[in-house]
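Undergrad: Structure provided below as structure tokens; questions to follow.
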């Protein structure tokens with residue numbers, strides 16, 4: 001209590017003043033008694049949440065003190081709890097955004113909220129599983145709060161000065177949601193709740209009667225509704241319903257669901273006496289409360305909506321139907337027209353016997369039992385799946401408990417049998433053969449078609465599926481290839497897949513120098529791939545080699561440069577061949593020299609200034625300067641020669657200084673040279 005008093009004083013001191021704080025202090029006596037107590041009223045727990053829809057405004061006039069149970073989520077603060085809570089539930093029928101507005105009756109009150117997605121979950125999981133979080137606003141400020149287009153975050157956490165409106169969350173179609181509204185101000189003043197946004201949380205289904213049946217002695221009728229209806233719309237005297245007979249009258253109506261929630265989908269009508277055997281019509285009318293039943297959006301069942309009601313003589317319930325067994329079924333599901341007493345089902349399965357093309361052992365049986373110990377479905381379990389094709393029969397017999405099955409009216413079902421057919425299980429395992437080629441590989445894929453398989457789907461990563469029983473695939477590339485097959489006989493299906501590894505093809509590859517100085521020995525390195533059996537080199541200089549990587553190859557010295565084509569033919573162990581070729585340039589001189597003079601007169605003789613023969617110079621930088629120290633030429637490519645011009649203008653005759661920096665490719669040493677050259681015109 002001390003913590004809460006401190007928190008509220010801080011809030012009031014900053015926003016409403018000491019006067020309101022005194023009012024809170026006066027209410028502490030009542031609050032101290034109830035604060036922290038478990039919430040017992042319906043609507044104040046997740047499992048009994050108020051059902052709401054998007055078309056109506058919900059009014060909560062007072063708030064009961066209770067709760068304060070921690071709620072997990074992105075806000076790691078002690079005050080994130082279901083303090084003085086109400087819970088609301090709804091379903092999203094069309095995806096979109098959800099806006100909500102909570103308006104306190106007293107705008108000085110602090111309300112907070114958090115939204116959860118509880119699809120296929122127990123509502124109580126909101127207390128333990130933070131992954132159910134969708135959006136929240138735990139601002140410490142008083143006033144209106146909710147989710148709107150003005151919000152910038154889905155998780156506004158606690159603290160003063162925080163925005164009261166969060167961003168609108170995106171709801172998903174067919175998902176179920178819970179909304180917690182927590183009242184942190186220690187008063188019982190209520191609020192209104194309204195929804196907006198593009199998501200549809202209003203059930204579009206028109207409310208109607210679905211079916212009706214009488215109990216065993218005909219004194220009550222259970223009415224099944226096609227959707228949840230509000231308990232508050234049901235007249236307790238049964239005046240919402242009419243029977244087309246003067247023999248009995250409806251004297252009361254109730255629903256067990258209404259003891260712990262706000263809505264129902266079944267109603268039990270109490271009759272003035274047993275209704276005789278026959279066919280009747282049960283219809284809806286406006287009751288003494290001025291309305292028919294209505295759903296959570298207050299849409300009424302139309303007057304005179306009706307269902308047929310057949311009252312049959314009390315008779316034993318026969319085995320009615322068998323849910324179609326699945327492939328490789330290891331259980332059988334029996335469906336009865338009436339509810340059967342679960343106590344009459346022998347747990348060891350001795351009420352049943354299965355015959356067929358192979359022996360079948362029944363290991364147990366059980367019902368999908370309701371709270372009153374009855375079930376319309378009985379499941380029979382088997383020792384092994386039914387994998388053999390053929391006709392089977394499930395027979396009901398007297399079990400070790402001394403009876404067959406007994407229905408809700410106390411009638412024992414006579415021994416009987418239900419026949420059914422089982423298709424054999426199938427296997428998608430397939431065979432394949434690989435025929436390797438020099439350029440492509442051919443893979444033949446086969447399935448045996450056993451057990452009446454009539455559908456095949458071959459799936460590859462790079463081409464459309466194929467649907468024949470056997471198929472051939474040609475692969476132009478090597479490496480791992482995924483192949484899967486799905487087969488079916490119309491009842492059973494199976495899938496199999498393999499990762500087929502196709503080895504690399506023979507490919508000729510080699511490393512060769514781009515430039516060879518005639519004074520140097522050349523080396524060629526094989527980089528071919530595949531399972532190679534032999535190498536055949538044509539070195540372009542009338543020399544040949546059968547070695548994997550021939551080295552110390554000489555080329556004749558000659559002025560200028562000459563190009564040679566080097567070829568490598570490799571042969572694989574399977575006889576496949578592949579050829580590659582590269583052009584190498586042999587130069588007569590690799591000694592770098594810069595001329596002492598040049599004449600840029602375009603006569604084709606000594607027209608340019610450059611470092612000649614810089615074939616093996618890496619990281620080269622050549623600069624030329626005039627007598628003023630200005631750079632008139634600069635290049636990192638020695639073949640880019642200076643023509644004696646600067647910006648297109650001929651430079652005057654005279655002496656020019658040059659510098660040359662480079663790294664020798666063979667030794668790795670860096671050199672810096674400097675000299676001068678005369679430009680002659």
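The values are calculated or read from the model by the stated rules, or taken from the named source; none is laboratory data. Small disclaimer: the values here were computed from a predicted structure and weren't measured. Neighbour counts run over all protein chains shown; Cβ positions are idealised from the backbone, glycine included.
Undergrad: For the structure I just gave you, tell me whether residue 521 is more than 30 Å from residue 438 (Cβ to Cβ) and either surrounded by fewer than 16 Cβ atoms within 10 Å (Cβ to Cβ) or not assigned by TED's automatic domain parsing to the domain that holds residue 617 (or both).
TA: So residue 521 passes the test.
Undergrad: Here is a list of conditions, (1) modelled with pLDDT of 95 or more; (2) over 18 Å from residue 316 (Cβ atoms), and residue 403 meets all of them except one; can you say which number that is?
TA: It fails just one condition, (2).
Undergrad: Also: Go through the range 437-486 residue by residue and tally those that are farther than 13 Å from residue 498 by Cβ and part of a loop (DSSP other than H, G, I, E, B).
TA: Result for the range 437-486: 22.
Undergrad: Sticking with this structure for a sec: Looking at the structure I just gave you, is residue 377 crowded, with 16+ Cβ neighbours inside 10 Å and in contact with a strand residue (DSSP E or B) (Cβ under 9 Å, 6 or more places away or on another chain)?
TA: It is false that residue 377 is crowded, with 16+ Cβ neighbours inside 10 Å and in contact with a strand residue (DSSP E or B) (Cβ under 9 Å, 6 or more places away or on another chain).
Undergrad: Kindly check whether there is at least one residue in the range 304-313 that is within 29 Å of residue 208 (Cα to Cα), at pLDDT below 95, assigned to a loop (DSSP other than H, G, I, E, B) and out of contact with any helix residue (DSSP H, G or I) (no Cβ under 8 Å at 6 or more places or on another chain).
TA: The answer is yes, given that some residue of the range 304-313 is within 29 Å of residue 208 (Cα to Cα), at pLDDT below 95, assigned to a loop (DSSP other than H, G, I, E, B) and out of contact with any helix residue (DSSP H, G or I) (no Cβ under 8 Å at 6 or more places or on another chain).
Undergrad: While we're on this one: Pull up the range 641-668, narrow it to residues that are within 19 Å of residue 590 (Cβ to Cβ) and modelled with pLDDT of 95 or more, then point me to the one that is surrounded by the fewest Cβ atoms within 10 Å (Cβ to Cβ).
TA: This residue is 663.
Undergrad: A follow-up question, please. How many residues does the range 469-497 contain that are surrounded by fewer than 15 Cβ atoms within 10 Å (Cβ to Cβ) and under 28 Å from residue 386 (Cα atoms)?
TA: 4
Undergrad: Here is a follow-up. When the range 99-109 is examined, which residues are found to be outside any strand (DSSP E or B) and touching a strand residue (DSSP E or B) at 6+ places or on another chain (Cβ under 8 Å)?
TA: 105, 106, 109
This table checks each residue for (1) crowded, with 19+ Cβ neighbours inside 10 Å; (2) farther than 30 Å from residue 610 by Cβ; (3) in contact with a strand residue (DSSP E or B) (Cβ under 9 Å, 6 or more places away or on another chain); (4) touching a residue at least 24 places away in the same chain (Cβ under 8 Å).
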| residue | (1), (2), (3), (4) |
| --- | --- |
| 538 | no, yes, yes, yes |
| 545 | no, yes, yes, no |
| 574 | no, yes, yes, yes |
| 592 | yes, no, yes, yes |
| 599 | no, no, yes, yes |
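Undergrad: What do you reckon, is residue 430 in contact with a strand residue (DSSP E or B) (Cβ under 9 Å, 6 or more places away or on another chain), surrounded by 12 or more Cβ atoms within 10 Å (Cβ to Cβ) and within 30 Å of residue 393 (Cα to Cα)?
TA: Here the answer is no, as residue 430 does not meet what is asked.
Undergrad: Sticking with this one: Mind listing whichever residues of the range 89-98 are buried (at least 21 other Cβ atoms within 10 Å of the Cβ) and not in a loop (DSSP other than H, G, I, E, B)?
TA: Result: 89, 90.
Undergrad: Still on this structure: Looking at the range 250-258, can you tell me whether even one residue there is assigned to a loop (DSSP other than H, G, I, E, B) and crowded, with 17+ Cβ neighbours inside 10 Å?
TA: Checked the range 250-258: at least one residue is assigned to a loop (DSSP other than H, G, I, E, B) and crowded, with 17+ Cβ neighbours inside 10 Å.
Undergrad: Provide a single number: the residues in the range 275-288 that are closer than 23 Å to residue 303 by Cβ and in a strand (DSSP E or B).
TA: Total satisfying the criteria: 6.
Undergrad: Can you tell me which residue among 75, 39 is part of a loop (DSSP other than H, G, I, E, B), more than 33 Å from the chain's Cα centre (by Cα) and outside the structural domain of residue 296 (by TED's automatic domain parsing)?
TA: Exactly one residue qualifies, and that residue is 39.
Undergrad: For the range 259-274, enumerate the residues that are more than 23 Å from residue 302 (Cβ to Cβ), modelled with pLDDT under 95 and buried (at least 18 other Cβ atoms within 10 Å of the Cβ).
TA: 261
Undergrad: Looking at 365, 424 in this structure, which one is surrounded by 15 or more Cβ atoms within 10 Å (Cβ to Cβ) and over 36 Å from the mean Cα position of the chain (by Cα)?
TA: Step by step, each of 365, 424 is checked, and only 365 is surrounded by 15 or more Cβ atoms within 10 Å (Cβ to Cβ) and over 36 Å from the mean Cα position of the chain (by Cα).
Conditions tested, residue by residue: (1) exposed (fewer than 12 other Cβ atoms within 10 Å of the Cβ); (2) more than 30 Å from residue 675 (Cβ to Cβ).
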site: 511; (1), (2): yes, yes
site: 550; (1), (2): no, yes
site: 554; (1), (2): no, yes
site: 559; (1), (2): yes, no
site: 564; (1), (2): no, yes
site: 569; (1), (2): no, yes
site: 577; (1), (2): no, yes
site: 580; (1), (2): no, yes
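Undergrad: Moving on to the next point. Any residue in the range 395-409 that is over 40 Å from the mean Cα position of the chain (by Cα), closer than 25 Å to residue 491 by Cα and assigned to a strand (DSSP E or B)?
TA: yes
Undergrad: Something else: If residue 476 passes every condition in (1) modelled with pLDDT under 95; (2) over 25 Å from residue 506 (Cβ atoms) but one, which one does it miss?
TA: Residue 476 satisfies all of (1) modelled with pLDDT under 95; (2) over 25 Å from residue 506 (Cβ atoms) except (2).
Undergrad: Let me ask something additional. For the range 669-681, give me the residue count where each residue is surrounded by 12 or more Cβ atoms within 10 Å (Cβ to Cβ) and under 23 Å from residue 606 (Cα atoms).
TA: Qualifying residue count, the range 669-681: 7.
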